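Remarks on the structure that follows.
Values quoted throughout were computed directly from the atomic coordinates according to the rules given, and no laboratory measurement underlies them. Quantities reported herein were computed from a predicted structural model and do not represent experimental measurements. Cβ sites come from the backbone with ideal geometry, for glycine too, and all protein chains shown count toward neighbours.
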Amino acid sequence: MTSCYHCGDSCENQLIRIEEKAFCCNGCKTVYEILSGNDLSYYYDLEKNPGISPELKEGKFDYLDNAEIASKLLEFDDGDTRVVSFLIPSMHCSSCIWVLENLSKLNEAIKTSQVNFPEKTIRITFSSESLSLKNLVTILSTIGYEPNISLNDYSKKTKKMDRSLIYKLGVAGFAFGNVMFLSFPEYFEVGEFWLERFKHLFRWLMFAFALPVVFYSGSGYFISAYKGLKSKILNIDVPIALGIATLFIRSTIDIVFDWGSGFFDSLTGLVFFLLLGKFFQQKTYAYLSFERDYKSYFPMAVTKLTRNGIYKAPSEEQIQIYKIKKGDQLLIRNEEIIPADCILLKGEALIDYSFVTGEAHPLMKESGDKIYAGGRQKTGSIEVEVVKSVEQSYLTQLWSNEVFRKDRKGKFQNLTNSISKHFTIAVLSIAFITTAFWIYYDPSKAFNVFTAVLIVACPCAIALAAPFTLGNLLRIFGRHKFYLKEASTIEQLAAIDTVIFDKTGTLTTHRKNTITYQGIALTKEEETLLNSTLRASNHPLSRALYQLLKSEKILTLDEFEESVGKGIYASRNGQDMKVGSYTYVSNTGDAAINERATNQTEVHIRSNDEYKGYYLFQNSYRREIDNIFEELAPQHDLVILSGDNEGEKEYLHDRLPTKVQLCFNRKPQDKLEYVKELQKQGRKVLMVGDGLNDAGALAQSDVGVVISEDINVFSPACDGIIDASRFKDLTKFMSLSKRGITIIKWSFLLSLLYNLVGLGFAVTGHLEPVVAAILMPLSSISIVVFTTVMTQWIGKKLHAKN
């Protein structure tokens, strides 16, 4: 099979050759000619088939001619110079970076272009006198890098990266290294003259280095401990803060009264390793967003129609979507989003609600019908009249639920904090009991023993176990195209006992349908006439059926008529063909058809006066769903929660395990309430969906995962995004999460052994600074090595199974 030289797709449908190179469409050919003609052909040397086939629609970017709208996108506008940043979802390789940073060769008005590949953005400086913003976007789209511009850009704010953890880690690391260096003479009790003379200076220098570590780098632990105690919760930061405070106070007293060098080395090392664990756990995917709402789905502007008289064509004006008012008339082009609830005035409306309600197939609407916000027009242009503003529309009302306005998932009690209460009580008990013992037998040692117990029992290693285990798993999951918002999600995933799946777009794929024919076999002549009839129609079902039946022989029709929302009629040489709904093709005498009522999508055929049968369009289910449900069934309750009708209920009942609950015709609010009801019963719920209709359930669930055919396009707010190609590994990811928790528990036992050894020195009054300096870092390093090796080992098993 010949592949396109530009994008790498198959040239099955169309083959265009230029300079002995094959292209799948005119779009790819045009991009090649543009790049070659502007000395940018090196683009193809960096990567094989690096391009994206462009899809340009007339009038798509007309709204950028509106100065008010354009100003919302511009970062800088001073006379002739303008600066703008765009998200480029199709950016994926070194060739993309190279061509995007050489845009000046395509147009001299482009002064500079700088790519931020991790975030998939480009920042362009251009001359506004020679190049408009609309033309700049058109240039990008022409070469296959169409910017993603949505309503979210209307109120876009500059993202401020929080670098405080990096600064704190840097301060702690710098201080740790210097304190260790200054402590060496004390470790080995070197009696050299000059070292003895400057010993007190070295100790006060260590004190100076410890001050920013305690009061800046370690401040977060004191704040967290205070908030925990205020809420009557003994979280893991309570014993950590107690340990840091004890180390600092004990060490300060030691050098003030000249009792010794103190434990400044252990103190700075403790804070450094703790912050290192936090930093390692903060794995982010800059190019993905886990907090999207309808604003990321809606366009930034829309075409408003203004009537200038009965006999004059209406004028078109591009306006911001927030300026839409009740009574406004809008022009909605093919593939555009309906921005507000409205009434259809003119045109053939075929609305795809799959992303909003879960309805599997587009719905035909007639003049006077109501169309809800969020639907996508699938065929031609239509004119509509707004009945509700954007803020009052059906789709935006979904976001009024309180589940979108509060951090409901913040109440999850992680494994580390769940043991901290018992750990803190145990440490304090040992400290007071041993202190009481030494007060009775040798009061001079009581203070040292009390502080030594609090120092050596500081749960540094315990606090590191979860961050490094979960951080490693987070990266392993990411390499296998399962992207989680944060590491704590893995702990929640391990606790799941109920899994809910959406149907449309989750268990099914948007990329293809299964089409079967039921009825009397068509003759060759009838197949040819049917094929020619379908070719003349622009209806999505007609196009899909044409792709299935198409042949090289196409007839010229004598007569063709398309009835909006009903079907099509064609004739040639006295032979008639009707294609469409069963009511359209049936006659009064066709009792079998007239009595038929179905929830399934069907295209019926009548040849002359004989009813032949129908083509049944069914969702194409992902091949892996059988294995997924079989693997989950023994230990989980399984539910399919769909906004679609019950047309495929019987099929799913026969295909999936009997324990799977099938719930259809569920609105978005119904899905949210269903999840909430399960949680009231104490269930831990994983929701797997793909559309805005699942947004409430995804937010309410303990873990919400979105499945995406393309992770660069819109997906609703969630805890994780899984690439559709790795959906088959969902059960393996859940299993690995549970094994990760097991690794954390073993790490706790390992750290407990170190604590017991340290307590042996502490309770007997023999804990020296050099012992603490060896034991505490050793326990931390051991935990880091253990968790890293174990997680990489189980990660290799995931890789081996694929």
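Stretching the chain fully between Leu753 and Gln114 yields a gain of 224.8 nm (0.36 nm per residue, less the alpha carbon separation). Remark: the range 458-465, residue by residue, has Karplus-estimated 3J(HN,Hα) of 4, x, 4, 5, 4, 5, 8, 4 Hz, where x stands for each Gly or Pro and the curve is 6.51 cos²θ - 1.76 cosθ + 1.60 at θ = phi - 60°.
Only beta bridges with both residues in the range 635-793 are counted; by DSSP, about 0 percent of them are antiparallel. Which entries in Lys230/Lys278; Lys304/Lys325; Lys728/Lys797; Lys481/Lys649; Lys227/Lys684; Lys524/Lys578 show an alpha-carbon gap greater than 19 Å? Distance filter (> 19 Å) returns Lys230/Lys278; Lys481/Lys649; Lys227/Lys684. Between Thr81 and Ser128, the built amide H atoms are under 5 Å apart, and every one of these is 5 or more places off in sequence or on another chain. Working note: Karplus 6.51/-1.76/1.60 with θ = phi - 60° gives the range 225-234 the couplings 5, 4, 5, x, 5, 4, 8, 6, 10, 8 Hz, where Gly and Pro are set to x. Length gained on full extension, Val256 to Glu335, computed as 0.36 nm times the residue gap minus the Cα-Cα distance: 20.9 nm. Take the Cα of Lys566, step 7 Å toward its Cβ, do the same at Ala22, and the gap between the two points is 4.5 nm. Residue-wise HN-Hα couplings along the range 346-352, as the Karplus relation 6.51 cos²θ - 1.76 cosθ + 1.60 with θ = phi - 60° gives them from phi, are 7, x, 8, 9, 10, 9, 8 Hz; Gly and Pro carry x. Placing R0 at 25 angstrom, the Cβ-Cβ distance between Ser164 and Leu211 gives a FRET efficiency of 0.90 after rounding to 0.05. Once C-alpha pairs closer than 8 Å and six or more residues apart are averaged by separation and normalised to the residue number of the range 642-688, the relative contact order reads 37 percent. According to a simple spin-label model (label point 7 Å from Cα along Cα-to-Cβ), what is the distance in nm between Thr764 and Leu201? Each label point is offset 7 Å from its Cα along the Cβ direction, giving 3.9 nm. Extension gain for Asn308 to Ser581 (0.36 nm times residue separation, less C-alpha to C-alpha distance): 94.4 nm. Placing a pseudo-label 7 Å from each Cα along the Cα-to-Cβ vector at Ser315 and Glu101 gives an inter-label distance of 4.7 nm. Less than 5 angstrom separates the built amide H of Thr379 from those of Glu335, Leu350, all sequence-distant by 5 or more or on a different chain. A simple packing score, the average count of other Cβ atoms within 10 Å per residue, orders the peptides 461-469, 608-616 as 461-469, 608-616, with the highest score first.
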